[in-house]
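The structure appears below as structure tokens.
The values are calculated or read from the model by the stated rules, or taken from the named source; none is laboratory data. Please read these numbers as outputs of a predicted model, since none were measured by experiment. Here Cβ is always computed from backbone atoms with ideal geometry, including for glycine, and neighbour counts include all displayed protein chains. Areas reflect the complete protein model, heavy atoms only, side chains present, ligands, DNA and RNA absent. Shrake-Rupley method; radii C 1.70, N 1.55, O 1.52, S 1.80 Å.
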Amino acid sequence: MGHRRRHRSVLIMSKKDLFQPQQFRTPLSRARGMGASRHGVSHFITERVSGLALAPLTVWGAYAALKQVRAPHDVVVQWMAQPVNAVLLSLLLIAALVHLQSAVQVVIEDYIERFTTKTALVIGNLFVCVLAGAVGVFSILKVALTVTGAH
């Protein structure tokens with residue numbers, strides 16, 4: 001009945017085991033194979049992993065922003081045109097939006113009772129975060145890939 005099985009004394013783990021470790025699950029959820037909200041600890045893990053990614057990215061982002069705050073426009077554009085800076089800036093944006101989406105979804109699920117309102121808010125939250133990510137990454141790439149030397 002469980003999602004683990006033994007084959008010649010080798011434990012084979014499913015995808016579910018990777019994203020929902022046994023130590024984070026209650027005995028009843030292990031028996032049923034799911035958590036109270038029917039998706040186990042995925043929000044918990046998503047928030048922790050995105051938070052872990054945000055820690056160094058935020059330090060880098062704050063340092064980079066402080067260095068660029070008084071720089072002329074062309075210097076900032078040249079800084080963003082460097083591949084490492086464009087990639088790190090995109091990763092900072094994506095990690096922040098993944099963290100935001102997951103955290104807001106948990107708040108919606110915990111505090112909104114009506115199913116239709118809850119569903120609309122969860123979908124709206126996802127839509128806004130995905131849209132913000134797409135616009136943000138597009139903007140970063142547009143600036144980074146624009147040739148500034150050809151006037």
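A quick yes/no check of all residues on (1) modelled with pLDDT of 70 or more; (2) polar (S, T, N, Q); (3) exposed (fewer than 14 other Cβ atoms within 10 Å of the Cβ); (4) under 24 Å from the mean Cα position of the chain (by Cα):
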{"residue": "Ser37", "(1), (2), (3), (4)": "no, yes, yes, yes"}
{"residue": "Gly40", "(1), (2), (3), (4)": "no, no, no, yes"}
{"residue": "Gly51", "(1), (2), (3), (4)": "yes, no, no, yes"}
{"residue": "Ala55", "(1), (2), (3), (4)": "yes, no, yes, yes"}
{"residue": "Gly61", "(1), (2), (3), (4)": "yes, no, no, yes"}
{"residue": "Ala64", "(1), (2), (3), (4)": "yes, no, no, yes"}
{"residue": "Asp74", "(1), (2), (3), (4)": "yes, no, yes, no"}
{"residue": "Gln78", "(1), (2), (3), (4)": "yes, yes, no, no"}
{"residue": "Pro83", "(1), (2), (3), (4)": "yes, no, yes, yes"}
Item to check | Top-ranked residue in segment 88-98 [being open to solvent by less than 60 Å² (accessible area, probe 1.4 Å) and touching a residue at least 40 places away in the same chain (Cβ under 8 Å); ranked as nearest to the chain's Cα centre (by Cα)] | outcome: Ala95
